[in-house]
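The values are calculated or read from the model by the stated rules, or taken from the named source; none is laboratory data. Model, not experiment: these values are computed from the prediction. Neighbour counts run over all protein chains shown; Cβ positions are idealised from the backbone, glycine included. Ligands, DNA and RNA are stripped out before the accessible areas are found, and what is left, the full protein with its side chains, is counted by its heavy atoms. Shrake-Rupley method; radii C 1.70, N 1.55, O 1.52, S 1.80 Å.
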Amino acid sequence: MTVETEADLRGLLACGRLVRQVFQRMRAAAHPGVTTAELDRIAERGFREAGADSAPRFFYDFPGETCISVNEEAAHGIPATQRRLKRGDLLNIDVSAVLNGYVADLGESFVVGGSGPRHRAKTRICRAVREAVAAAITCLRPGASLNVIGEAVQAVADRYGYAIVDNLGSHGVGRALHEEPSYVPKPNPRERRKLEDGMVLTIEPFLTTGRPWVTERPDGWTLAVEPNVLVAQFEQTVVVRADGPLVVTAA
(Lines give C-alpha, C1' and ligand atoms only; values in the text may rest on other atoms or scores of the structure.)
Protein backbone atom coordinates (compact mmCIF):
# COMPACT_ATOMS: atom_id res chain seq x y z
CA MET A 1 0.00 0.00 0.00
CA THR A 2 0.98 3.58 -0.56
CA VAL A 3 -0.41 6.21 1.78
CA GLU A 4 -2.13 8.80 -0.40
CA THR A 5 -4.44 10.70 1.98
CA GLU A 6 -4.64 11.81 5.59
CA ALA A 7 -7.48 9.31 5.97
CA ASP A 8 -5.09 6.53 4.93
CA LEU A 9 -2.58 7.64 7.52
CA ARG A 10 -5.20 7.90 10.28
CA GLY A 11 -6.52 4.45 9.43
CA LEU A 12 -3.07 2.87 9.54
CA LEU A 13 -2.18 4.59 12.80
CA ALA A 14 -5.42 3.40 14.41
CA CYS A 15 -4.74 -0.17 13.34
CA GLY A 16 -1.13 0.11 14.49
CA ARG A 17 -2.25 1.28 17.93
CA LEU A 18 -4.68 -1.62 18.17
CA VAL A 19 -2.15 -4.33 17.37
CA ARG A 20 0.32 -2.76 19.80
CA GLN A 21 -2.30 -2.69 22.58
CA VAL A 22 -3.28 -6.30 21.92
CA PHE A 23 0.35 -7.38 21.89
CA GLN A 24 1.04 -5.61 25.18
CA ARG A 25 -1.92 -7.31 26.84
CA MET A 26 -0.73 -10.68 25.60
CA ARG A 27 2.84 -10.07 26.70
CA ALA A 28 1.72 -8.97 30.17
CA ALA A 29 -0.19 -12.27 30.51
CA ALA A 30 2.62 -14.50 29.19
CA HIS A 31 3.61 -16.09 32.50
CA PRO A 32 4.81 -19.63 33.18
CA GLY A 33 1.81 -21.95 33.29
CA VAL A 34 -0.34 -19.95 30.85
CA THR A 35 -1.30 -21.70 27.62
CA THR A 36 -0.82 -20.16 24.20
CA ALA A 37 -4.57 -20.60 23.62
CA GLU A 38 -5.27 -18.42 26.67
CA LEU A 39 -3.03 -15.72 25.22
CA ASP A 40 -4.82 -15.96 21.90
CA ARG A 41 -8.19 -15.42 23.61
CA ILE A 42 -6.87 -12.09 24.88
CA ALA A 43 -6.34 -11.07 21.27
CA GLU A 44 -9.79 -12.31 20.30
CA ARG A 45 -11.39 -10.10 22.95
CA GLY A 46 -9.26 -7.11 21.96
CA PHE A 47 -10.16 -7.41 18.29
CA ARG A 48 -13.85 -7.88 19.04
CA GLU A 49 -13.97 -4.84 21.33
CA ALA A 50 -12.36 -2.69 18.59
CA GLY A 51 -14.54 -4.01 15.77
CA ALA A 52 -11.47 -5.51 14.09
CA ASP A 53 -10.60 -8.88 12.58
CA SER A 54 -7.54 -11.05 12.96
CA ALA A 55 -5.57 -10.57 9.74
CA PRO A 56 -4.20 -14.14 9.45
CA ARG A 57 -7.65 -15.57 10.07
CA PHE A 58 -9.33 -13.07 7.72
CA PHE A 59 -6.92 -13.53 4.80
CA TYR A 60 -5.72 -17.12 5.24
CA ASP A 61 -8.17 -18.87 7.58
CA PHE A 62 -5.35 -19.35 10.09
CA PRO A 63 -6.48 -21.50 13.07
CA GLY A 64 -5.96 -18.75 15.64
CA GLU A 65 -6.30 -15.03 16.13
CA THR A 66 -2.54 -14.56 16.37
CA CYS A 67 0.62 -16.54 15.63
CA ILE A 68 2.35 -17.71 18.82
CA SER A 69 5.65 -19.54 18.37
CA VAL A 70 7.74 -21.13 21.13
CA ASN A 71 11.48 -21.87 21.24
CA GLU A 72 12.64 -23.36 17.90
CA GLU A 73 9.33 -22.38 16.28
CA ALA A 74 10.13 -19.29 14.23
CA ALA A 75 6.73 -18.28 12.89
CA HIS A 76 3.07 -19.19 12.40
CA GLY A 77 2.81 -21.22 15.59
CA ILE A 78 -0.80 -22.27 16.25
CA PRO A 79 -2.21 -21.32 19.68
CA ALA A 80 -3.01 -24.51 21.59
CA THR A 81 -4.71 -25.47 24.85
CA GLN A 82 -2.04 -28.10 25.51
CA ARG A 83 0.90 -25.72 24.98
CA ARG A 84 1.69 -24.40 28.44
CA LEU A 85 4.50 -21.86 28.77
CA LYS A 86 7.53 -22.55 30.93
CA ARG A 87 9.98 -20.13 32.51
CA GLY A 88 12.80 -19.51 30.04
CA ASP A 89 10.79 -20.28 26.92
CA LEU A 90 11.71 -18.09 23.95
CA LEU A 91 8.29 -16.82 22.91
CA ASN A 92 7.28 -14.99 19.75
CA ILE A 93 3.90 -13.27 19.47
CA ASP A 94 2.88 -11.94 16.07
CA VAL A 95 -0.24 -9.76 16.00
CA SER A 96 -1.88 -8.38 12.87
CA ALA A 97 -5.36 -6.97 12.42
CA VAL A 98 -7.80 -5.59 9.89
CA LEU A 99 -9.49 -2.42 11.14
CA ASN A 100 -11.75 -0.35 8.87
CA GLY A 101 -10.00 -1.72 5.80
CA TYR A 102 -6.44 -1.11 7.02
CA VAL A 103 -3.89 -3.70 8.14
CA ALA A 104 -0.94 -3.38 10.53
CA ASP A 105 1.47 -6.13 11.58
CA LEU A 106 3.65 -6.42 14.68
CA GLY A 107 5.82 -9.18 16.11
CA GLU A 108 8.26 -9.58 18.97
CA SER A 109 10.30 -12.33 20.61
CA PHE A 110 11.04 -12.33 24.34
CA VAL A 111 11.90 -14.67 27.20
CA VAL A 112 9.04 -15.91 29.40
CA GLY A 113 9.57 -15.13 33.06
CA GLY A 114 12.28 -12.52 32.63
CA SER A 115 15.91 -12.43 31.54
CA GLY A 116 17.96 -14.04 34.29
CA PRO A 117 21.55 -15.26 33.93
CA ARG A 118 20.42 -18.72 32.77
CA HIS A 119 18.66 -17.17 29.79
CA ARG A 120 21.37 -14.75 28.71
CA ALA A 121 21.74 -16.26 25.22
CA LYS A 122 18.01 -15.96 24.53
CA THR A 123 17.88 -12.40 25.79
CA ARG A 124 20.87 -11.53 23.62
CA ILE A 125 19.31 -12.73 20.35
CA CYS A 126 16.08 -10.85 21.16
CA ARG A 127 18.09 -7.69 21.73
CA ALA A 128 20.01 -8.20 18.49
CA VAL A 129 16.94 -8.57 16.27
CA ARG A 130 15.34 -5.52 17.86
CA GLU A 131 18.52 -3.51 17.16
CA ALA A 132 18.55 -4.78 13.58
CA VAL A 133 15.05 -3.44 12.94
CA ALA A 134 15.88 -0.10 14.56
CA ALA A 135 18.99 0.21 12.38
CA ALA A 136 17.02 -0.57 9.23
CA ILE A 137 14.31 1.97 10.04
CA THR A 138 16.87 4.78 10.22
CA CYS A 139 17.85 4.02 6.59
CA LEU A 140 14.37 4.40 5.12
CA ARG A 141 13.91 7.30 2.74
CA PRO A 142 12.18 7.74 -0.62
CA GLY A 143 14.46 6.89 -3.53
CA ALA A 144 16.78 4.65 -1.53
CA SER A 145 17.27 1.06 -2.60
CA LEU A 146 15.18 -1.55 -0.82
CA ASN A 147 18.56 -3.15 -0.23
CA VAL A 148 19.41 -0.66 2.54
CA ILE A 149 17.17 -2.69 4.85
CA GLY A 150 19.08 -5.93 4.31
CA GLU A 151 22.42 -4.19 4.60
CA ALA A 152 21.46 -2.66 7.95
CA VAL A 153 20.11 -5.94 9.30
CA GLN A 154 23.18 -7.85 8.12
CA ALA A 155 25.54 -5.42 9.83
CA VAL A 156 23.82 -6.00 13.19
CA ALA A 157 23.60 -9.76 12.66
CA ASP A 158 27.33 -9.89 11.87
CA ARG A 159 28.20 -7.86 14.94
CA TYR A 160 26.36 -10.33 17.16
CA GLY A 161 27.37 -13.44 15.23
CA TYR A 162 23.91 -14.54 14.07
CA ALA A 163 22.56 -15.67 10.70
CA ILE A 164 19.52 -14.19 8.96
CA VAL A 165 16.91 -16.81 8.08
CA ASP A 166 16.86 -17.12 4.28
CA ASN A 167 13.32 -18.31 3.66
CA LEU A 168 11.29 -15.95 5.85
CA GLY A 169 10.76 -12.47 4.54
CA SER A 170 9.36 -9.02 5.08
CA HIS A 171 6.55 -7.58 3.00
CA GLY A 172 4.37 -4.70 2.05
CA VAL A 173 1.21 -4.25 4.10
CA GLY A 174 -1.67 -1.83 4.56
CA ARG A 175 -4.70 -3.13 2.66
CA ALA A 176 -3.81 -6.82 2.83
CA LEU A 177 -1.55 -8.72 5.19
CA HIS A 178 1.04 -9.54 2.52
CA GLU A 179 1.64 -7.12 -0.34
CA GLU A 180 4.56 -6.09 -2.49
CA PRO A 181 7.40 -5.50 -1.95
CA SER A 182 8.16 -9.01 -0.76
CA TYR A 183 11.80 -9.40 0.24
CA VAL A 184 14.22 -11.16 2.57
CA PRO A 185 15.91 -8.55 4.81
CA LYS A 186 19.48 -9.37 3.90
CA PRO A 187 21.82 -7.90 1.27
CA ASN A 188 20.86 -8.72 -2.29
CA PRO A 189 23.23 -7.42 -5.00
CA ARG A 190 20.51 -7.95 -7.64
CA GLU A 191 17.95 -5.80 -5.84
CA ARG A 192 16.75 -2.97 -8.11
CA ARG A 193 13.57 -1.84 -6.36
CA LYS A 194 13.40 1.56 -4.70
CA LEU A 195 11.59 2.82 -1.63
CA GLU A 196 8.79 5.23 -2.46
CA ASP A 197 7.20 8.07 -0.54
CA GLY A 198 4.19 6.73 1.33
CA MET A 199 5.15 3.07 0.91
CA VAL A 200 3.96 0.89 3.80
CA LEU A 201 6.02 -2.16 4.65
CA THR A 202 7.12 -4.38 7.47
CA ILE A 203 10.70 -4.80 8.58
CA GLU A 204 10.75 -8.34 9.90
CA PRO A 205 14.09 -10.16 10.16
CA PHE A 206 14.53 -13.53 11.83
CA LEU A 207 17.94 -14.15 13.40
CA THR A 208 19.20 -17.60 14.35
CA THR A 209 22.16 -19.38 15.91
CA GLY A 210 21.88 -22.31 13.51
CA ARG A 211 21.29 -23.14 9.87
CA PRO A 212 19.44 -20.14 8.35
CA TRP A 213 16.43 -22.09 7.15
CA VAL A 214 12.99 -22.98 8.48
CA THR A 215 10.91 -26.03 7.63
CA GLU A 216 7.17 -26.50 7.81
CA ARG A 217 5.82 -28.84 10.45
CA PRO A 218 3.11 -31.43 9.74
CA ASP A 219 0.38 -29.06 10.98
CA GLY A 220 0.81 -27.16 7.71
CA TRP A 221 1.48 -23.81 9.40
CA THR A 222 4.30 -23.79 11.94
CA LEU A 223 7.75 -22.92 10.60
CA ALA A 224 10.70 -24.03 12.75
CA VAL A 225 14.46 -24.20 12.87
CA GLU A 226 16.32 -27.27 14.11
CA PRO A 227 15.79 -28.38 17.74
CA ASN A 228 17.92 -26.60 20.36
CA VAL A 229 18.66 -23.73 17.97
CA LEU A 230 17.67 -20.18 18.90
CA VAL A 231 15.56 -18.05 16.58
CA ALA A 232 14.05 -14.62 17.24
CA GLN A 233 11.95 -12.14 15.27
CA PHE A 234 11.06 -8.49 15.65
CA GLU A 235 8.63 -6.69 13.36
CA GLN A 236 7.32 -3.19 12.88
CA THR A 237 5.00 -1.68 10.29
CA VAL A 238 6.54 1.48 8.86
CA VAL A 239 5.54 4.22 6.42
CA VAL A 240 8.37 5.58 4.24
CA ARG A 241 8.19 9.40 4.22
CA ALA A 242 10.35 12.24 2.99
CA ASP A 243 10.40 13.79 6.46
CA GLY A 244 11.44 10.53 8.11
CA PRO A 245 9.99 7.04 8.58
CA LEU A 246 6.82 6.68 10.64
CA VAL A 247 6.46 3.51 12.72
CA VAL A 248 2.73 2.92 13.01
CA THR A 249 3.17 0.02 15.45
CA ALA A 250 5.52 1.89 17.80
CA ALA A 251 5.17 1.44 21.54
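Before moving on, here are some points about what is shown:
- Other residues within the sphere of radius under 11 Å centred on the Cβ of D197, judged by their own Cβ, net out at 0 (K and R +1, D and E -1).
- Magnitude of the charge dipole for the stretch 28-174, about its Cα centre and with charges confined to Cβ atoms of Lys, Arg (+1) and Asp, Glu (-1), is about 660 debye.
- Measuring nothing but protein heavy atoms, the accessible surface of the stretch 52-120 at 1.4 Å probe radius is 46 percent carbon and sulfur.
- Computed extension gain for R120 through A7, at 0.36 nm per residue and net of the alpha carbon distance, reaches 36.3 nm.
- Local electrostatic count, V231, Cβ distance below 11 Å [Lys/Arg +1, Asp/Glu -1]: -1
- Alpha-carbon centroids, the stretch 95-120 and the stretch 125-199: separation in whole Å: 18
- Normalised contact order of the stretch 1-75, rounded percent, pairs of Cα under 8 Å and 6 or more residues apart: 21
- Angstrom value of the Kirkwood radius, inverse mean 1/r, which spans all Cα pairs in the stretch 1-138: 15.7
- 222 nm mean residue ellipticity, helices alone, for the chain (DSSP H n ≥ 4; -39,500 (n - 2.57); rounded to 500): -10000 deg cm²/dmol
- Per residue, in Å², the accessible surface of the chain once ligands and nucleic acids are set aside, probe 1.4 Å: 44
- Relative contact order computed over the stretch 78-126 (Cα-Cα under 8 Å; 6+ residues apart), in percent: 35
- Using the Stokes-Einstein relation with a Kirkwood hydrodynamic radius computed over Cα pairs, the translational diffusion coefficient of the stretch 5-47 at 10 °C and a viscosity of 1.306 mPa s comes to 140 µm²/s.
- Ligands, DNA and RNA left out, the 1.4 Å accessible surface of the stretch 121-189 is 53% carbon and sulfur atoms.
- Förster radius 22 Å - calculated FRET efficiency between V229 and Y160 (Cβ-Cβ, nearest 0.05): 0.90
- Direction-averaged projected area, Cα convex hull, the stretch 100-251: 10.3 nm², rounded to one decimal.
- Listed by chain and number, the lysines placed with their C-alpha closer than 24 angstrom to that of K86 are K122; residues fewer than eight positions away on the same chain are left out.
- Each Cα pair under 8 Å and six or more residues apart adds its sequence gap; the mean of these over the residue count of the chain is a relative contact order of 23 percent.
- Contour excess over end-to-end distance, with Cα ends at R41 and R84 and 0.36 nm allotted per residue: 14.1 nm
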